[in-house]
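Participant: Let me give you the structure first, and then I'll get to my questions.
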Amino acid sequence: MYGYLLYNNDEIVYVGLTQNIESRVSSHKRTGKNFDKVIVESFECNTLAVNWEKKYISEYNPIYNISPGGYCRKDSFKRKRLTTSLTEKNHTNLKLIAIKLNIRPCDVLDLALLDFYKKSENIL
């Protein structure tokens, strides 16, 4: 198991765990996360890895990590309103899109929100 930190301008923006670091970092690039450095640590024990991840997320509150309430810290109020209004069919569609793109449903929402903001900026 690998623990990794994504940095942008010397700030930790994401803390994660994975079995395949190359694939996971590529996934973060595809979903548009801004980062310029990756620090990797190897763990032989999953419990140590999970505790390491919790410690870093708690200490640094990275912008791309999921908060304890299940929402990403970034735009959490808007995300909460958006996810609350989703129907069961929409949740299923998000999961299917996430599986197809090999990303988390939260990342699908990030992409949808980013697209929405870009369109909003053009209107305003």
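Participant: Among the residues of region 13-41, count how many are under 15 Å from M1 (Cβ atoms), in contact with a strand residue (DSSP E or B) (Cβ under 6 Å, 6 or more places away or on another chain) and among the polar types (S, T, N, Q).
Facilitator: Within region 13-41, residues that are under 15 Å from M1 (Cβ atoms), in contact with a strand residue (DSSP E or B) (Cβ under 6 Å, 6 or more places away or on another chain) and among the polar types (S, T, N, Q) number 1.
Participant: For the structure I just gave you, tell me whether L5 is hydrophobic (A, V, I, L, M, F, W, C) and in a strand (DSSP E or B).
Facilitator: When the stated conditions are applied, L5 passes them.
Participant: Sticking with this structure for a sec: For region 23-66, enumerate the residues that are surrounded by 12 or more Cβ atoms within 10 Å (Cβ to Cβ), assigned to a loop (DSSP other than H, G, I, E, B) and touching a residue at least 24 places away in the same chain (Cβ under 8 Å).
Facilitator: T31, K33, N34, F35, F43, P62, I63, Y64, N65
A short reminder: the numbers here are calculations on the coordinates, not readings from a lab. It should be emphasised that the depicted structure is a prediction, and the values quoted were computed from it without experimental measurement. Cβ atoms come from the backbone with ideal geometry, glycine included; neighbour counts cover every protein chain shown.
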